[in-house]
Amino acid sequence: MAASPDASASGSAALAHRHLLDLSTYSAAEITHILDTAQEFRAVLDRPVRQVPTLQGTTVASLFFEPSTRTKLSFGLAAGRLSAETVSLSKSGSSVKKGESLKDTARNVEAMKVDMVVLRHSSPGAPHFLSRCTDSVILNAGDGAHAHPTQALLDVLTMREHIDTFEGLTVSIIGDITHSRVARSNIQALTTLGASVTLCGPATMLPVGMADAMGVRTTTRLDAALDQADIAMALRIQMERQDEGLFPSVREYHAQFGITMEHLRRHPDLLIMHPGPF
Ligand code: CP
């Protein structure tokens with residue numbers, strides 16, 4: 001059963017994990033438990049007072065060492081609405097700017113009796129590293145091109161509102177797969193829940209070996225990806241993670257991989273998702 005917004009903090013009983021680092025080791029039951037819990041808590045937003053005491057007495061530190069709008073605001077609002085005390089640090093406003101290591105930052109935060117650390121970092125594995133050198137609970141808010149588990153949980157929660165079951169569902173993820181932590185986390189969540197995933201993009205943006213490693217199909221043809229899909233997720237091109245041009249031009253990319261009104265006319269039942277910058 002999902003935790004209730006009006007009960008004390010006991011929602012972790014059904015979770016085998018202490019941290020949220022990536023979804024690779026989360027079971028379908030655990031993911032479903034998180035989705036059910038999120039759905040329960042979403043109802044709090046419709047109340048006159050959008051706050052419940054679930055995390056009263058808990059301190060949450062947000063360390064955002066990469067830009068963020070949605071994730072940073074979401075975590076801050078969620079922590080506040082769960083009655084946690086919150087503090088936040090950015091790279092430019094912290095001693096990281098003066099050369100402090102991530103480990104030292106975390107140790108200092110921990111010494112101030114912080115219970116949970118929300119970390120966004122450009123280095124893949126930074127949250128995993130932190131989980132090994134502090135006692136705080138670590139929540140990954142996006143680490144390099146590796147994982148963005150909370151974005152994927154939100155995406156599958158959104159999908160669940162439009163479908164009956166993930167079993168037999170086909171989701172096509174289109175775009176810059178190579179640099180997408182959102183694609184990786186969505187693949188983990190979706191395949192664990194029983195959906196099939198097809199990755200589509202220019203060959204230069206489809207990592208070699210990913211199909212076998214993650215149990216997905218790949219195609220460089222947008223029509224093929226849309227023909228077999230119930231849901232299509234369009235990713236943005238992550239220019240900030242590319243040192244060299246992986247496609248000739250934006251115009252060329254759009255000609256081959258842009259989803260147009262014509263695609264929508266041909267696939268009237270297709271659900272299109274665009275999760276936004278990540
Ligand atoms: N979806 C997402 O991660 O957006 P931000 O980069 O704005 O946090």
**Request:** Mind checking the full-extension length gain between Q228 and I272? Use 0.36 nm per residue of separation minus the Cα-Cα distance, one decimal, nm.
**Result:** 14.5 nm
**Complete:** Here FRET efficiency (C-beta to C-beta, M112 to R217, R₀ 51 Å, nearest 0.05) is 0.60
**Fill in**
Once R132 and L77 are pulled to full extension, the length gained, defined as 0.36 nm per residue separation minus their Cα-Cα distance, is 17.1 nm
**Request:** Hand me the GluC sites (Glu not before Pro) from segment 169-263 located in a DSSP loop with no more than 15 other Cβ atoms within 10 Å, in residue order please.
**Result:** E244
**Prompt:** Projected onto the charge dipole of the chain (+1 at Lys/Arg Cβ, -1 at Asp/Glu Cβ, origin at the Cα centre), which of H33, V60, V87 gives the Cα projection farthest towards the positive end?
**Reply:** V87
**Asked** Hey, with R₀ at 22 Å, roughly what FRET efficiency would E167 and V208 work out to, going by the Cβ-Cβ distance, to 0.05?
**Response** 0.15
**the chain, helix-only ellipticity at 222 nm - DSSP H runs n ≥ 4, -39,500 (n - 2.57), divided by all residues, nearest 500** = -10000 deg cm²/dmol
**Request:** Let me know the whole percent of all Cα-Cα pairs from segment 121-278 that are separated by more than 22 Å.
**Result:** 42
**Complete:** With +1 at each Lys and Arg Cβ and -1 at each Asp and Glu Cβ, the charge dipole magnitude of the chain around its Cα centre, to the nearest 20 debye, comes out at 740
**Rg(Cα) / (2.2 N^0.38 Å) computed for segment 19-117, rounded to two decimals** = 1.23
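Since every read-out is calculated from the coordinates, none of them should be taken as a lab result. Just so you know, these numbers come straight off a predicted model, no measurement behind them. Heads up, the Cβs are rebuilt from the backbone with ideal geometry, glycines too, and the neighbour counts pull from every protein chain shown.
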